[in-house]
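In what follows, a structure is listed as structure tokens, so that the remarks can point back to it.
FYI, it's all coordinate maths here, none of it is from the lab. Keep in mind the model is a prediction, meaning the values are calculated, not measured. Every residue, glycine as well, gets a Cβ built from its backbone with ideal geometry; the counts of neighbours run over all protein chains shown.
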């Protein structure tokens, strides 16, 4: 999502206003990141499916400039249009409009209390941050989802292994990957098929996880 989006469509949401607010929000978020990245130790198993979290935010179907225009109009008409705002945020970040995307995401999250919709938006925000070259703040988003409901989501071990490896926290990354292997040894062990297991991941993300897997194979961490 985001390819082919034009700056004309995105300007419809008053980019200058949102960019200014994003810069102000950035200062506050920076102080939170270090604490947010403090993770608990991995649990033994992660069997819980979490489909309500791990799906794109889609308020309106479509693509290209027509989709952006519809989302922008929805956001302008309804300040509480959280899904449309988050979908537009993802498009903005994918299209290189990071400041606009950041403010759209932050505004959407400020309107939500804890719950499934907030988890979904935080999960997507984390991926957009990672793919925008900011793994530290991606981890800050995902770390808040580790001990919520469900208690042990199956997406957590491989996702945290990926982002921790990119942050050069390699020992931690291997420990999280080991949790995936303990949970589903036939899937995540030596013969893991990442293309099948992680079809929505990009090639470079699967390649990073393969590096984590190789480190796990070389020296599997003990449990507990």
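Between residue 214 and residue 48, the simple spin-label model (points 7 angstrom out along Cα→Cβ) gives 3.4 nm. Label sites at residue 147 and residue 184, each approximated as a point 7 angstrom past Cα along Cα to Cβ, lie 2.6 nm apart.
Grab the beta carbon distance between residue 202 and residue 114, set R0 = 25 Å, and tell me the FRET efficiency rounded to 0.05. The calculated FRET efficiency here is 0.25.
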